[in-house]
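Here's the structure we're looking at; comments come further down.
The values are calculated or read from the model by the stated rules, or taken from the named source; none is laboratory data. These figures come from a predicted structure and were not determined experimentally. Positions of Cβ are backbone-derived with ideal geometry, glycine not excepted, and every protein chain shown enters the neighbour counts.
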Amino acid sequence: MTSIAIVDYGMGNYHSVERALRHAAPEADIRLCKQAQEIDAADRVVFPGQGAMADCMRTLDEAGLRDAVLRAARDKPLLGVCVGEQMLFERSDEGNTASLGIFKGEVKRFTGPLFAEQLGAQTDRASRLKVPHMGWNPVRQTRPHALWSGIADATPFYFVHSYYAVPSDAGLTVGESQYGVRFTCAVAHENIFAVQFHPEKSADSGLRLYRNFVDWNP
Amino acid sequence: MTIATASSAVSGLTRRIIPCLDVTAGRVVKGVNFVQLVDAGDPIEIARRYNEQGADELTFLDITATSDGRDLILPIIEQVASQVFIPLTVGGGVRQVSDVQRLLNAGADKISMNSAAVANPDLVRAASDYHGSQCIVVAIDARRVKDAPTPTWEVFTHGGRKGTGIDAVAWARKMAEYGAGEILLTSMDRDGTKSGFDLELTRQVSDAVAVPVIASGGVGTLQHLADGVTLGGASAVLAASIFHYGEFTVREAKDFMASRGIPVRRN
């Protein structure tokens, strides 16, 4: 029986992640983990995150879990979700925050003339894009991956975010969406898979992705 | 007619259809102006059904008045959240940041505030700073107080019973500045009338804020849902009775919107 640690550092929707994992993998041993030893002992690790990146990094450090996440990222199946995906990169424009630096690249805000926040009078107000990017958006699978198994290309997943990761190495990208800009919404490298969207809120396709994670042997 | 939806070359984001469940004493009810409540069924069963039909989110409004009663919604949210894996918004009776925490712990993804935001706008800021704006919705109940050529709307609280003298468009703008991640906008004039959204109100608020706006109040036909997006500029449309009584399924609503060129998620 596989054991899955959900990193619980006080920020995020880890209860939702836990519920979805239990539903997708009723046979698995799924635990919210506040202790580094528990994370070290698990077979697989899910790293969620929600809210401001600076708060997420600070609380992760206060909980003393940064090193445990870095250790898991070295050799265990690791799934990053939302800010948990963003934190894998080097830094974020949100609060100019340094993050874990497992992947090279930065996290940027949706910005530009297409977005409602640009108050340029000449912009057609009716067609401006809102921020946060909130709702279901098709995810184009740019590379095959075990975690896409059984999920059709361009299946919509549920997003809620104002920032998105821009990997330096385009080869990390396994999924993209379009919101004013074509942006990376899923990355993968060896034992790590991470998504900007919320599989735990993406109905059957999201549950399938969690199931695929549980079955994944990178 | 200008179609307000951005082309898919710019954005793939779909417009959301959100069935709304008014909950009291453990049951879903539907009333007109909060009176003549009619039982519409078991919340978990209804939530499941809408999920199967492809609802993009669900909104639960706890319309139970007493403070003891408010806690009754927690077990319902817990049960729904462990069986239905789409975003859940919960509103009604949220007074303080600790209420937000309790509802999030129970499985809500977004918390909607209405009267409490008017009484204490800093609550919106505090809740948004702590939990992130993505989970804070400000609900605005607006009544038209001046008609054309320059209509205005007033914010009402306490289930539409109390006028505030606040201009609804200005209030929406202020709440977005305070950290609301989304505005749930209900036309009190249209609510329960089945005569369609107040599209002028929807358009004005949608243009005034950079965050998504959910249009609510007055849906009687599928065309009304489409109008909320194309004419009102709403990111999402919310309806209750047309779905509860089986007049239309969520899937039919989506098929109709798609036929009008509106991007929707279909499963």
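Below, the figures for the structure above:
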item	result
In the range B:141-163, residue farthest from the other protein chains (Cβ to nearest Cβ) [restricted to those that are assigned to a loop (DSSP other than H, G, I, E, B) and surrounded by fewer than 16 Cβ atoms within 10 Å (Cβ to Cβ)]	B:Arg161
Subset of the range B:199-228 [over 19 Å from B:Val137 (Cα atoms) and crowded, with 24+ Cβ neighbours inside 10 Å]	B:Val219, B:Leu225
Strands (runs of 3 or more DSSP E) contained in the range A:153-218 and holding at least 2 residues more than 12 Å from chain B (Cβ to nearest Cβ), touching a strand residue (DSSP E or B) at 6+ places or on another chain (Cβ under 9 Å) and surrounded by fewer than 24 Cβ atoms within 10 Å (Cβ to Cβ)	A:163-167, A:173-179, A:181-189
Residue that is under 20 Å from A:Arg128 (Cα atoms), of a type outside the set (Ser, Thr, Tyr) and either buried (at least 21 other Cβ atoms within 10 Å of the Cβ) or in contact (Cβ under 8 Å) with a residue 12 or more places away in the chain (or both), where the choices are B:Gly196, B:Gly232	B:Gly232
Which listed residue is touching a residue at least 24 places away in the same chain (Cβ under 8 Å) and within 13 Å of chain A (Cβ to nearest Cβ), from B:Ile166, B:Ile214	B:Ile214
Long-range neighbours under 8 Å by Cβ, at least six apart or interchain, first residue within 13 Å of chain A (Cβ to nearest Cβ) within the range B:99-118, second aliphatic (A, V, I, L, M) and part of a loop (DSSP other than H, G, I, E, B)	B:Val100/B:Val94; B:Leu103/B:Val94; B:Ile111/B:Val94
Members of the range B:119-135 that are within 14 Å of another protein chain (Cβ to nearest Cβ), among the aliphatic types (A, V, I, L, M) and within 19 Å of the chain's Cα centre (by Cα)	B:Ala127
Any hit, the range A:128-147, residues being of a type outside the set (S, T, N, Q), closer than 22 Å to B:Arg266 by Cα and out of contact with any Ser or Thr (no Cβ under 9 Å at 6 or more places or on another chain)	yes
Single residue of the range B:236-263 satisfying the filter (crowded, with 20+ Cβ neighbours inside 10 Å and in contact with an Asp or Glu (Cβ under 8 Å, 6 or more places away or on another chain)) that is nearest to B:Asn51 (Cα to Cα)	B:Ala240
All helices (runs of 4 or more DSSP H) inside the range B:59-136 with 3 or more residues being buried (at least 18 other Cβ atoms within 10 Å of the Cβ)	B:73-81, B:97-106, B:115-119, B:121-131
Residue match in the range B:183-191 (condition: in contact with an Asp or Glu (Cβ under 9 Å, 6 or more places away or on another chain), buried (at least 20 other Cβ atoms within 10 Å of the Cβ) and within 13 Å of chain A (Cβ to nearest Cβ))	no
Given (1) crowded, with 17+ Cβ neighbours inside 10 Å; (2) over 23 Å from B:Asn51 (Cα atoms), index of the condition A:Pro144 fails	(1)
Count of the range A:70-97 residues which are aliphatic (A, V, I, L, M) and touching a helix residue (DSSP H, G or I) at 6+ places or on another chain (Cβ under 7 Å)	6
Single residue of the range A:109-137 satisfying the filter (at pLDDT 90 or above and surrounded by fewer than 17 Cβ atoms within 10 Å (Cβ to Cβ)) that is farthest from A:His189 (Cα to Cα)	A:Thr111
Complete set of residues in the range A:17-29 that are in contact (Cβ under 8 Å) with a residue 12 or more places away in the chain and either surrounded by fewer than 24 Cβ atoms within 10 Å (Cβ to Cβ) or touching a Cys at 6+ places or on another chain (Cβ under 6 Å) (or both)	A:Glu18, A:Arg19, A:His23, A:Ala24, A:Ala25, A:Glu27, A:Ala28, A:Asp29
Yes/no for B:Thr152 being at pLDDT 95 or above, within 21 Å of B:Ala208 (Cβ to Cβ) and hydroxyl-bearing (Ser, Thr, Tyr)	yes
Helices (runs of 4 or more DSSP H) contained entirely in the range A:1-64, each with at least 2 residues that are closer than 18 Å to A:Tyr210 by Cα and of a type outside the set (D, E, K, R)	A:14-24
Evaluation of A:Ala54 against (1) at pLDDT 95 or above; (2) closer than 29 Å to B:Ser128 by Cβ (one fails), failing number	(1)
